[in-house]
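Working notes, beginning with the structure itself.
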Amino acid sequence: MDHDCGCGQAASAAHDSAPLEFDADGELVVGPVIRPELLTRPCPIGTLDGSWLLEVERRTVFGPEVRGAMRIEVGASSLRVSGDMYSRRVFPPVFTELELERLQPLPIPVPGGPDTADAAGGDPAAAEDDPPILSEFLPLGLRWYPAFPASEYSWYFRSNGSTYVDGTLTVQIVRHLWNRTTQEFVSTDTGTLTLRCRKPLVVTTASTILGPSQRMTGTLSIGGTVTNVTARKTSPMYRGCRIEVDAMVNRVFPASATIGSGAAATVRSVYATAGWDVTVVTDEINVPNDADLTNAELATLMSGHRQAVAGEAWRLWLFVGSSQGGLFGIMFDDDTVPREGAAGFADVQLGNDSFIAAAARGRPLDEVPAAFLRTLVHEAGHAFNLWHPKHDVHNPGIGIEIMNQTGDVMGFATAANPYPGNAAFVFSDHDRTSLIHSPDPQVRPGWKNFGWGHGDLSAGLPAPVDVAGLGGDTGDEGLVLSIAMSAQAFVGEYVTAEVVLTNVGDQPRTVTTLINLSEGDLVFLHTPPDHSLQHLVDVAIGCGPRPTTVLQPGESIRNHVQVFFTNQGVTFTEPGRHTVAAQLEVDPMTTVRSVPVTIDVRGPASDAEVDISAKTLTPGVGRAIALGDFATDASARAVLTDLAEQHSDTDTGAAGALVLANALARSFSDVRARDVRAAAPDEAAHFLELAVAGRSAERVAALAVTVASPTEKNAPVVADTIAALKSRAKGGARSAAGKDVAAAERIAADFVEPTGR
């Protein structure tokens, strides 16, 4: 008497010719399937290269649906695999194709019959053979990149060794589990992913029908279970993104540029060198003119002009604007929806230095397509969370590739090989690996904050570090960097720091003057009570040439910066002992670091402190303080007004008053809403008076330069504060009041352009 083995008649009939495999629970995980046989051979390893949709078979129909993006990078002598998995519960249950195949017989398709792929609505997966047969090409129009809601993110994996033998890819993986509440990776485990890839020995009409798909099947062994998986190739590239370009009227987006090698380059072609499929969509090219854009106006432009796009496909906004001081470009960052877009400034002019190409000297940036194209690609790289190499904790070399700061690339230019022809329009190996393999929360615009994974040792999952080790200061005995901060603060209190670079050597030194957290040379290293490590920079990251000054022996340059609200959001939210150190890239070859300072943070104690904390921690207020403008946020304006009116006797209240004085002293344009907030000089003067009252001129100036966005050298609050202080001063230059005002003037001058003293 024949007995069914319990695994199906097909398995019973074929158990002598094919293995059966059972997991730890005794469940069948691999079983033979009777299908028309085809002569096949292993896929060439290059066939694996690209983007795949990886789907995990549910153990029960009520189990969560787990699927995600897998990237397989096949190099000349390397193979790397990474992936991001998303899970959700579906009710009522929806059967996947794998589950349907197990529940019903698979008909043998007849060419031209009703069961062919064409009759099934064009889905070739409806008639696949097992083991899968993988064709080598994917039509351009069918390429896509799996993307799912961030709320469904579950885990990330990366290969930790792999083999490819006779069409079987075996990958040892390290899995990093994601906590959806904390939005951080919380634990790791290991497992094995096995995928089988076959291709037809002879391509025939029948093999096209029976095995047309770019599909692999196999198992995932992890967490004590073995589960069936299916991988479907979606593209020969690894990731994709839609970049929308908007331009201000009479400014030109460099659709193509001739680079130093003589080749033509585009945004798309540069990102293609990193395996990215970037689609550039030029939308509005007549955004009304505004000759000098503030960061608040840029943020409003982005929210008002960016197209609404349905679905989860990655997207980025790139704006061709007028100018903001001497910056070439800037990337926006925000604590709630970070890294959404970037801007390049068409009107800024290149210098007349000998290392600038003769045809480019003194020209606006949009009249030098190679320089402008590089700027826009670089700023987009920041939006994909790429860091300047000199501040990346993984110690990549400084050179001429895309993510090197413009000032560093110019530093390598010569009269014989001038800028921008000396620039390399490719990503460094480190940045390329990050673009391909870093986790979705790190790379996808609008997810984790800038620096997560590159600037933080304690956040994200940075790439493996090579023999050079982690980056750090190279030091210079002739230069000393120091910072001064208050030793104590309460949660929600406005915190500033003074940064000083001193030449203690016996020779003049040429050093950067970018002593701020916005323009790439200065970064703060923050260690909160949990002993993690954060890199602090401003909420907007500007890039451009590096201005320098010569420090004579004994001279110093200095500046004041706000540390209350940075790329990490409100910096000091956790009571306890914090340490902060400054790190400054003096030139392309020299980095110096300060001695750490300690700041003890406590909870608010008095009723006034509780009220101040509640106000400054209100959503939108910290961002307004960092930008020096409330923009169109009426709620933030109201809270700042209350803060200034009720607590002007504190530095935090004075900072709120100065933000209002800065914002109301100038007009604000919202071109999408066709609205202009006119300057309100009387209101601005009122709030400035609140800030000045009861404080030394030096302290008021220090607060004024910290609420002004560091990239906005012409912020009205700085000049208006000095004018108000001078009008109030009594006595001559040698009087105490005169010396106090002179100190305030030096602080204002250092904000605009630090010089040695």
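In this structure, does Leu48 turn out to be buried (at least 16 other Cβ atoms within 10 Å of the Cβ), modelled with pLDDT of 90 or more and not charged (D, E, K, R)? Reasoning before the result, please.
Details: buried (at least 16 other Cβ atoms within 10 Å of the Cβ): yes; modelled with pLDDT of 90 or more: yes; not charged (D, E, K, R): yes.
Yes.
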Original post:
In the range 149-205, how many residues are among the β-branched types (Val, Ile, Thr), surrounded by 18 or more Cβ atoms within 10 Å (Cβ to Cβ) and farther than 18 Å from Asp440 by Cβ?
Top reply: 2
**OP:** Please state which of the following conditions Thr566 fails to meet, knowing it meets all the rest: (1) modelled with pLDDT under 95; (2) touching a Gly at 6+ places or on another chain (Cβ under 8 Å); (3) within 20 Å of Val705 (Cα to Cα).
**Re:** (2)
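Out of Arg666, Arg677, report the one residue that is charged (D, E, K, R) and closer than 17 Å to Ser635 by Cα. Steps first, answer last, please.
Working: Arg666 fails: closer than 17 Å to Ser635 by Cα.
The unique qualifying residue is Arg677.
Residues being touching a Ser or Thr at 6+ places or on another chain (Cβ under 8 Å) and open to solvent by 40 Å² or more (accessible area, probe 1.4 Å): count how many of those fall in the range 629-650. Step through it out loud before you land on a result.
The initial filter retains those residues of the range 629-650 that are touching a Ser or Thr at 6+ places or on another chain (Cβ under 8 Å), namely 629, 631-632, 635-636, 639, 643.
Next, only the ones that are open to solvent by 40 Å² or more (accessible area, probe 1.4 Å) stay: 632, 635.
Residues in the range 629-650 being touching a Ser or Thr at 6+ places or on another chain (Cβ under 8 Å) and open to solvent by 40 Å² or more (accessible area, probe 1.4 Å): 2 in total.
Quick grid of which residues meet (1) of a type in the set (A, V, I, L, M); (2) touching a residue at least 60 places away in the same chain (Cβ under 8 Å):
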site	(1), (2)
Thr217	no, yes
Asn228	no, yes
Val245	yes, yes
Ala255	yes, no
Thr273	no, yes
Trp276	no, yes
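Among the residues of the range 665-675, are any without any contact (Cβ under 8 Å) to a residue 12 or more places away in the chain and over 22 Å from Gln568 (Cβ atoms)? Give the derivation first.
Step one: list which residues in the range 665-675 are without any contact (Cβ under 8 Å) to a residue 12 or more places away in the chain, which gives 674-675.
If we keep only those that are over 22 Å from Gln568 (Cβ atoms) as well, we get 674-675.
Yes, the conditions are met somewhere in the range 665-675.
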Original post:
Can you name every residue in the range 406-417 that is surrounded by fewer than 22 Cβ atoms within 10 Å (Cβ to Cβ) and in contact with a strand residue (DSSP E or B) (Cβ under 6 Å, 6 or more places away or on another chain)?
Top reply: Ala413
Original post:
Which fully enclosed strands (runs of 3 or more DSSP E) of the range 254-372 have 1 or more residues being open to solvent by 10 Å² or more (accessible area, probe 1.4 Å), of a type in the set (A, V, I, L, M, F, W, C) and within 23 Å of Val539 (Cα to Cα)?
Top reply: 329-332
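Okay, residues lined up against (1) part of a loop (DSSP other than H, G, I, E, B); (2) at pLDDT 50 or above; (3) in contact with a strand residue (DSSP E or B) (Cβ under 8 Å, 6 or more places away or on another chain):
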| position | (1), (2), (3) |
| --- | --- |
| Asp118 | yes, no, no |
| Gly121 | yes, no, no |
| Ala126 | no, no, no |
| Pro131 | yes, no, yes |
| Glu136 | yes, no, yes |
| Ala147 | yes, yes, yes |
| Ser159 | no, yes, yes |
| Tyr164 | no, yes, yes |
**OP:** Starting from the range 698-709, take each residue that is farther than 19 Å from Ala729 by Cβ and list its partners that are part of a helix (DSSP H, G or I) and polar (S, T, N, Q), counting only C-beta distances under 8 angstrom and pairs at least six apart or across chains.
**Re:** Val707/Asn662; Ala708/Asn662; Ser709/Asn295
**OP:** Could you check how many residues of the range 521-537 are open to solvent by less than 10 Å² (accessible area, probe 1.4 Å) and of a type in the set (D, E, K, R)?
**Re:** 1
Original post:
Counting only residues that are in a loop (DSSP other than H, G, I, E, B) and of a type in the set (A, V, I, L, M), which one in the range 581-608 is nearest to Thr512 (Cα to Cα)?
Top reply: Met589
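Can you list the helices (runs of 4 or more DSSP H) found entirely within the range 654-757 that contain at least 2 residues being open to solvent by 10 Å² or more (accessible area, probe 1.4 Å) and among the hydrophobic types (A, V, I, L, M, F, W, C)? First the steps, then the outcome.
Values: elements: 681-692, 697-707, 716-728, 736-752.
Once the helices (runs of 4 or more DSSP H) in the range 654-757 are filtered for at least 2 residues that are open to solvent by 10 Å² or more (accessible area, probe 1.4 Å) and among the hydrophobic types (A, V, I, L, M, F, W, C), what remains is 681-692, 716-728, 736-752.
At least 2 residues that are hydroxyl-bearing (Ser, Thr, Tyr) and modelled with pLDDT under 95 in each: list the helices (runs of 4 or more DSSP H) lying fully within the range 398-485 that qualify.
Numbers: elements: 406-411, 429-437, 440-443.
Output list reads 429-437.
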Original post:
Which condition number does Val249 fail, the rest of (1) out of contact with any helix residue (DSSP H, G or I) (no Cβ under 7 Å at 6 or more places or on another chain); (2) closer than 30 Å to Glu367 by Cα; (3) buried (at least 21 other Cβ atoms within 10 Å of the Cβ) being met?
Top reply: (3)
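What tally of residues in the range 497-518 results from selecting those that are within 25 Å of Met331 (Cα to Cα) and open to solvent by less than 20 Å² (accessible area, probe 1.4 Å)?
Step one: of the range 497-518, the residues within 25 Å of Met331 (Cα to Cα) are 497-499, 511-518.
After this cut, where a residue has to be open to solvent by less than 20 Å² (accessible area, probe 1.4 Å) as well, the list is 497, 499, 511-518.
Of the residues in that region, 10 qualify.
Restricting attention to the range 523-535, and to residues there that are of a type in the set (A, V, I, L, M) and modelled with pLDDT of 90 or more, which single residue is farthest from Arg623 (Cα to Cα)?
Narrowing the range 523-535 to residues of a type in the set (A, V, I, L, M): 523, 525, 533.
With modelled with pLDDT of 90 or more added as a condition, the list becomes 523, 525.
Details: Val523: 19, Leu525: 20 Å.
Residue satisfying both the conditions and the ranking: Leu525.
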**OP:** Could you identify the single residue in Gly542, Gly520, Gly554 that is at pLDDT below 95 and assigned to a loop (DSSP other than H, G, I, E, B)?
**Re:** Gly520
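The values are calculated or read from the model by the stated rules, or taken from the named source; none is laboratory data. Because the structure is predicted, anything quoted here is derived from the model rather than measured. Positions of Cβ are backbone-derived with ideal geometry, glycine not excepted, and every protein chain shown enters the neighbour counts. For accessibility, only protein heavy atoms count, side chains too; no ligands or nucleic acids. Shrake-Rupley method; radii C 1.70, N 1.55, O 1.52, S 1.80 Å.
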